[in-house]
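Here the structure comes first, spelled out in structure tokens, and everything after it is commentary.
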Amino acid sequence: MMKIGLDYHGVVTANPEFFSKLTKALCSREGTEVHIITGRRITPAFKTRLEQLGIRYTHLYSIADHHRELGTPMIGYDEDLPEMDSVLWDKTKAAYCSRHGIDLHFDDSDEYVKYFSTPYAQYIAPKEGRDRPKVNALLTRNYSTCCPDCTTRIPLGANPKEGAVLICGSCGYEFEIGFVENSSHGGECCSEGNCGESGCCEGHS
């Protein structure tokens with residue numbers, strides 16, 4: 001039996017075509033387990049996104065959901081990503097892999113490895129291939145934009161920076177802010193300007 005751990009953001013999302021093929025091959029082998037591990041909450045939209053990307057798995061694990069169930073004190077909460085003690089957060093993924101006997105875990109971060117007893121492989125995304133899309137964000141007093149893939153509204157904070165990389169919490173899509181324009185009137189906040197997300201910007205009803 002083989003048990004593989006895959007980080008979602010930065011690994012699966014960095015090369016979904018490759019990991020689609022890999023997870024399908026692994027899950028076709030009897031007794032093999034594929035554990036998709038994410039920091040964000042596991043929502044229906046997240047599961048739908050995995051299906052759209054062709055990612056197969058036997059287990060899903062959310063650090064956010066785990067600590068919500070434990071009642072871990074939170075410093076704050078941004079959509080489906082909690083803010084909590086960073087060391088405790090960093091240790092959680094390692095503890096999960098150890099607890100479930102993961103044979104090899106793939107992650108894009110080099111911060112977690114010091115807590116791992118499980119074999120750990122840092123995944124470095126290939127530079128070739130599709131460039132990360134840029135979204136021209138027209139900001140209103142809501143300081144938000146829309147994911148160009150699933151149209152979910154994404155808060156940007158009070159001081160968004162041009163070139164900042166955003167990851168949609170609903171679908172995991174990564175994109176950059178192309179330019180920032182402050183506006184006190186309505187306007188288009190997504191790449192096509194027709195996302196239809198209610199409350200996305202003042203221009204929507």
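The values are calculated or read from the model by the stated rules, or taken from the named source; none is laboratory data. Owing to the predicted nature of the structure, the values given are computational and were not obtained by experimental measurement. Because the Cβ atoms are built from the backbone with ideal geometry, glycine has one as well, and the counts that use them run over all protein chains shown.
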For the range 34-84, how many residues are surrounded by 14 or more Cβ atoms within 10 Å (Cβ to Cβ), of a type in the set (A, V, I, L, M, F, W, C) and part of a loop (DSSP other than H, G, I, E, B)?
-> 3
Selected residue (criterion: nearest to SER109 (Cα to Cα)) from residues of the range 28-67 that are acidic (Asp, Glu) and without any contact (Cβ under 8 Å) to a residue 24 or more places away in the chain | GLU51
Of the residues that sit in the range 85-118 and are at pLDDT 90 or above and either within 15 Å of GLY10 (Cβ to Cβ) or not assigned by TED's automatic domain parsing to the domain that holds THR13 (or both), which one is surrounded by the fewest Cβ atoms within 10 Å (Cβ to Cβ)?
-> PHE106
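Somewhere in the range 22-29, is a residue assigned to a helix (DSSP H, G or I) and surrounded by fewer than 15 Cβ atoms within 10 Å (Cβ to Cβ)?
Of all residues in the range 22-29, those assigned to a helix (DSSP H, G or I) come to 22-27.
From what is left, the residues that are surrounded by fewer than 15 Cβ atoms within 10 Å (Cβ to Cβ) are 24-25.
Scanning the range 22-29 turns up at least one residue that is assigned to a helix (DSSP H, G or I) and surrounded by fewer than 15 Cβ atoms within 10 Å (Cβ to Cβ).
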If you check TYR57 against the conditions, is it at pLDDT 90 or above and either closer than 13 Å to TYR8 by Cβ or of a type in the set (Phe, Trp, Tyr) (or both)?
-> yes
Among (1) touching a strand residue (DSSP E or B) at 6+ places or on another chain (Cβ under 7 Å); (2) outside any helix (DSSP H, G or I); (3) of a type in the set (D, E, K, R), LYS93 falls short only on (2)
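From SER98, SER28, grab the single residue that is in contact with a Lys or Arg (Cβ under 9 Å, 6 or more places away or on another chain) and not β-branched (Val, Ile, Thr).
On the way: SER98 fails: in contact with a Lys or Arg (Cβ under 9 Å, 6 or more places away or on another chain).
Result: SER28 is the single residue among SER98, SER28 that is in contact with a Lys or Arg (Cβ under 9 Å, 6 or more places away or on another chain) and not β-branched (Val, Ile, Thr).
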Index of the failed condition, LEU70 passing every other in (1) under 21 Å from ASP107 (Cα atoms); (2) at pLDDT below 95 | (1)
